[in-house]
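Visitor: Next up is a structure, given as structure tokens.
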Amino acid sequence: MSFIMRPIRFASTGFIIPGSGLFDGSTGRLVWTPSGAGDSRTKRIFEIHFKLGGLGTQRNFLQAGAAGSDYELISLNASDKISSHGYTSGALKYNYVSTAVLRDPAAYYVLIQERDGNTINHYLFADGLLTDFDTASAPSSFDGHFGTSVQHYIGRSPFANSQYFDGYIARIAYYDNQTFTEANHIELTEDGFWQINDVSELDFGTNGFLLTGGSAISAGTDSSGNSNNFSKTGTIISTSDSPTSGGDDNEYGNYTVFDAGNTRHIGSAGTYKAAGTISNGNRTVAANMASDAETGMTILLY
């Protein structure tokens, strides 16, 4: 049985992620190759704070590998489910596909993947540890590719001009040879809301990185202290959209967006029609209503 993850509300604590990078879903990606192998082959943490754009296609968060038969991947698949797997020499070493379906374009999600030896855990807040999977195959005798001296891509497959991420990323971090402690990253407040914490003082290990906020993500700038900066190709726009609210002029917060799965307009015969093309991080609708003898229009959210 599938279920749809509902939006969660994050507590206001004074800590602010200064915006997000809006990946355009067709060109925008970040790439970096470590100068040498780190310590994370069997112990590491991956963290991403994101909001969806398009639905129903394969969208990669992070992928590392030297060839199509030697790689690791964390993504959303074409069914809008969390998917992670690893290959060595063409052999599948681990494979997870969540039962949870992520289809809410207004919600920020926080996904954390932890590996410790042959144990891989996935955490999706607000539910915490995910235990329901359509597929769950743990790694065995697998050194892994994350944190090694191969290409690391954020927002696209390294092997094909495809699988682009479409949406907002507010924070993306990798912790090399570190153990996951939930309260270091996110915690539940007494009034029942999730609080996003400042991770800048944590240990990121040799090949760890921290990209946080719109300016840093749109440029690929690492603030972990390791200077593991990514190179940008294509369109990634710095925005003020954030899972945290505030700033000097209260400029940061969660933008209002259209729902790509439910937006409609009323045609000339009084029937509901598809809205047309939704783009710009679900903030622009180009409604083509020529079939109803009406004039096409574009609706923008500001």
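The values are calculated or read from the model by the stated rules, or taken from the named source; none is laboratory data. This one's a predicted model, so the numbers in the text were calculated from it and none came from an experiment. Every residue, glycine among them, receives a Cβ derived from its backbone with ideal geometry; neighbour counts consider all protein chains shown. What goes into the accessible areas is simple: the full protein's heavy atoms, side chains included, and nothing from ligands, DNA or RNA. Shrake-Rupley method; radii C 1.70, N 1.55, O 1.52, S 1.80 Å.
Visitor: In cubic angstrom, how much convex hull volume per residue do the alpha carbon atoms of the range 109-213 span? Please list the in-between numbers first.
Guide: Details: hull volume 15.6 nm³, N = 105.
Here the figure is 149 Å³ per residue.
Visitor: Contour minus end-to-end for residue 182 and residue 200, with contour as 0.36 nm per residue of separation and end-to-end as the Cα-Cα distance?
Guide: Working it through step by step, the gained length comes to 5.0 nm.
Visitor: Additional query: Over the range 80-129, what percent of the accessible surface lies on carbon and sulfur atoms, probe 1.4 Å?
Guide: Exposed carbon and sulfur together represent 42 percent of the surface.
Visitor: Separate question: Under the rule a/c < 1.5 gives rounded, and otherwise a/b versus b/c splits prolate from oblate, where does the range 199-258 land using the Cα gyration tensor?
Guide: Note, shape of the range 199-258 comes out oblate.
Visitor: Follow-up. Which net charge results when you count Lys and Arg as +1 and Asp and Glu as -1 among the other residues whose beta-carbon is under 14 Å from that of residue 144?
Guide: -2
Visitor: Report, to the nearest whole %, how much of the accessible area of the range 132-195 belongs to carbon and sulfur atoms, 1.4 Å probe, protein only.
Guide: The value for the range 132-195 is 37 percent carbon and sulfur by accessible area.
Visitor: Which aspartates and glutamates does residue 43 reach when only Cα atoms under 18 Å apart count, and residues fewer than 8 places away in its own chain are ignored?
Guide: Within the straight-line cut-off, residue 43 pairs with 72, 114, 116, 143, 176, 182, 203.
Visitor: Under a 5 Å amide H to amide H cut-off, with H placed in plane at 1.01 Å, what residues pair with residue 62 once short-range neighbours are removed?
Guide: Here the answer is 74, 155, since their amide H atoms fall under 5 Å of that of residue 62.
Visitor: Oh, and also: Kindly state, to the nearest 0.05, the FRET efficiency for residue 66 paired with residue 140, given R0 = 22 Å and r defined as their beta-carbon distance.
Guide: My answer for the efficiency is 0.55.
Visitor: Expressed in nm to one decimal, what extension gain is obtained for the pair residue 249 and residue 286 from 0.36 nm per residue of sequence separation less their Cα-Cα distance?
Guide: Residue separation times 0.36 nm, minus the Cα-Cα distance, leaves 10.2 nm.
Visitor: I would also like to ask the following. Please report Rg over Rh for the range 43-198, where both radii come from the alpha carbon positions and Rh follows the Kirkwood definition.
Guide: Radius of gyration relative to Kirkwood radius: 0.94.
Visitor: Return the Cα extents of the range 18-80 along principal axes one, two and three, sorted largest first, each rounded to a whole Å.
Guide: 34, 33, 22
Visitor: How large is log10 of I(q)/I(0) for the range 141-199 at q = 0.16, 0.22, 0.23 Å⁻¹ when the intensity is taken from the Debye formula with one equal scatterer per alpha-carbon?
Guide: With no solvent term, the Cα-only Debye profile gives -0.80, -1.06, -1.08.
Visitor: Rounded, prolate or oblate for the range 81-148? Axes are the square roots of the Cα gyration tensor eigenvalues, ordered a ≥ b ≥ c, and the cut-off for rounded is a/c under 1.5.
Guide: prolate
Visitor: If you wrap the range 17-129's Cα atoms in a convex hull and average its projection over all directions, what's the area in nm²?
Guide: Mean orientational projected area (the range 17-129, Cα hull): 8.2 nm².
Visitor: Which of the GluC sites (Glu not before Pro) found in the range 169-245 are in a DSSP loop and have at most 10 neighbouring Cβ atoms, other than their own, within 10 Å?
Guide: Those that pass, being in a loop and sparsely packed, are 190, 201.
Visitor: For the range 167-224, just say rounded, prolate or oblate: build the C-alpha gyration tensor, square-root its eigenvalues into a ≥ b ≥ c, call rounded for a/c under 1.5, and beyond that prolate if a/b exceeds b/c, oblate if not.
Guide: oblate
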